[in-house]
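We did not get these values from a lab; they are worked out from the coordinates using the rules stated. Predicted, not measured: the structure shown is a model, and the values here were computed from it. Glycine gets a Cβ as well: all are built from the backbone with ideal geometry, and neighbour counts include every protein chain shown.
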Amino acid sequence: MKKTFDILWPITAVVTIIAALGAVFLYAPVERTMGLVQKIFYFHLGSAMAAFLAFTVVLVASVVFLANRSPRWDNLAVAAAETGVLFCTLVLITGPLWARPVWGKWWVWDPRLTTTLILWFLYVGYLVIRGSLPGSKGALAGAVFGILAYVDVPIVYFSIRWWRGIHPVVIRKGEVGLDPRMIPPLLISLAAFVLLVGVLIKERSAIGDLEFRIQRLEVFPREDSHE
Amino acid sequence: MRAALAIAKKDLLLEMRGREVVVILFVFAFLVLTLFSLSASPGSGALSEMAPGILWITFLFAGVLGLGRNFDRERENECFQGLLLAPCDPIQVYWGKCLSTLIFILVFQALLWPLFSLLYGFSPLRGVVTAWTGFFLGDVGFVALGVLLSAIAIHVRSREVVLPLLLFPLCLPVLLGGVHFTTVALAGGSLSDVGGWVGRLAAFDIIFFALASILFPFVVEE
């Protein structure tokens, strides 16, 4: 059962990614004013969702790790943080690529953009701790920082909004003028990103588990045999 | 609580004898303020407009140095391990370190404030209550996060770089709140002109302090 799942998941991800590419480039209409560049939106939103999911996994895995101290959960947290930083970087690259032709600027200090940048800094910080503090100290420090960072993100977002006072919100509820034919490609593309981030986190955390077992075999050659 | 007070008292006593933190922070911050004023083009109004931001960036830089100094003492001869071995809850160590760092930073700010108002052309008594409420509330949030992260960074070899890297993005809300307080204060406003930020900054402090108090025991666990 688990094995079929392990094979089916990546295959579903690949199929969905191909379907998303087809839907975005062949089915979805070209936006009237923005033109082809609007197609970045499908991948931008997908990456943002993937990053958000990955950081949520960091939080959950960190909390569980502090409760049960199982290295599996710690490996999951590291895997999710690395994958999250990857997708957060994609968000920060695709955003300006879209913004330059549409807003005329690569970057504006809007609450959403600024919060995403701070989010990226926070989880790069997480990876820096993990890189510079090996072993159980690093695992505990990482778990603590993983929780702290997640709680901080909404506070950062609201503080920037309050600080800027009256500020135009780029996308308001109900005002997004999406053509109905743009919605299925968007949904397929979101599904593709969710499946992809899941596969990446799972594989990365499996590598982490293997590394941990190898290290243990080097230190205690016989202990691993009964597992 | 008594153990926390004893730890804070020990730090203050060391500081009275050696004067290693506050004086160095003051001279460093003086230098930073000087460099900022020289970096603005002369005669433009940009400097006084940027003054609250400059002041808070200076506080952040000096604050991270102060945290480093306050924890370097504990690193020498494994003093931190000794503190944690004391027969009290480890949270007392956190509170004690928070208290001493907070006092260092407040004393340092008290020294810097007249100098800042002199260099940037404000009256030191202008909006003094507003400014100092902002300093205090901002410092509490900064210290709550800073002491927790210093306890993490104490084992890292490149901690001078890692600590600000972790601390600055986390305490961005505190920085924004502090800058707002100082902006209102320098415009001669009272606390009621600060508006929602009084409650917000206090709420950030409570959240950060409570969360850090829960998480600190995990950081110092062996």
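For the reader, a short list of remarks on this structure follows.
- Our Cα-only numbers for segment B:1-50 put the radius of gyration and Dmax at 18.2, 54 Å.
- Once Rg and the Kirkwood radius are both taken over the C-alpha atoms of segment B:171-222, their ratio Rg/Rh works out to 1.19.
- Extending 7 Å from Cα along the Cβ direction at B:S44 and again at B:L191 yields two label points whose distance is 3.7 nm.
- Euclidean distance of C-alpha centroids, segment B:163-197 and segment B:135-149, integer Å: 12
- Cα shape, segment A:1-139, gyration tensor, a/c 1.5 rule: oblate
- Ordering B:K9, A:K3 by the number of other Cβ atoms within 10 Å of each residue's own Cβ, fewest first, gives A:K3, B:K9.
- Kirkwood Rh (inverse of mean 1/r, distinct Cα pairs), segment A:74-217, angstrom: 17.7
- Length added when fully stretched, B:L13-B:L85, from 0.36 nm per residue minus Cα-Cα: 23.8 nm
- Our summary gives segment A:37-90 a relative contact order of 47 percent, counting only alpha carbon pairs under 8 angstrom and 6 or more residues apart.
- Model label sites at A:S136 and B:R2, defined 7 Å from Cα along the beta-carbon direction, differ in position by 3.2 nm.
- Relative contact order, percent, segment B:69-222 [alpha-carbon distance under 8 Å, six or more residues apart]: 32
- The tail of the calculated P(r) for segment B:136-175, taken as Cα-Cα distances beyond 17 Å, holds 25 percent of the pairs.
- Among B:Y94, A:Y27, B:Y120, A:Y126, a tally of other beta-carbon atoms within 10 Å of each Cβ gives an order, fewest to most, of A:Y27, B:Y120, B:Y94, A:Y126.
- Cα gyration tensor shape of segment B:73-117, rounded if a/c is under 1.5, else prolate or oblate by comparing a/b with b/c: oblate
- Each Cα pair under 8 Å and six or more residues apart adds its sequence gap; the mean of these over the residue count of segment A:18-163 is a relative contact order of 26 percent.
- In segment A:1-72, the alpha-carbon atoms span a convex hull of 107 Å³ per residue.
- Evaluated at q = 0.16, 0.17, 0.18 Å⁻¹, a Debye calculation over the C-alpha positions of chain B (equal weights, vacuum) places log10 I(q)/I(0) at -1.10, -1.22, -1.33.
- Rh by Kirkwood over Cα pairs, then Stokes-Einstein D for segment B:50-180 at 1.002 mPa s and 20 °C, µm²/s: 137
- Among the listed pairs A:K137/B:K97; A:K137/B:K9; A:K3/A:K137, a Cα-Cα separation exceeding 22 Å is found for A:K137/B:K9; A:K3/A:K137.
- Taking every residue in B:168-181 and counting other chain Cβ atoms within 10 Å of its Cβ, the average works out to 5.
- Whole-angstrom gap from segment A:197-220 to segment B:89-130, using each part's C-alpha centre: 47
- Of the DSSP H helices in chain B, those whose Cα atoms cover at least 30 Å axially and whose Kyte score averages 1.0 or more: B:90-119, B:128-153, B:197-219
- Using R0 = 56 Å, the C-beta based FRET efficiency linking A:Y27 and A:E218 works out to 0.60.
- Burial ordering of B:R19, A:R216, fewest other beta-carbon atoms within 10 Å first: B:R19, A:R216
- When the alpha carbon gyration tensor of segment B:22-89 is reduced to an equivalent ellipsoid, the three semi-axes, largest first, read 38, 11, 6 Å.
- Rounded Å value of the spacing that divides the Cα centres of segment A:34-66 and segment A:114-150: 17
- Reciprocal of mean inverse Cα separation for the protein assembly as shown (Kirkwood radius, Å): 24.5
- Computed over segment A:35-92, the percent of Cα pairs more than 16 Å apart is 48.
- Size descriptors for segment B:131-222: radius of gyration and Dmax over Cα atoms are 15.0, 51 Å.
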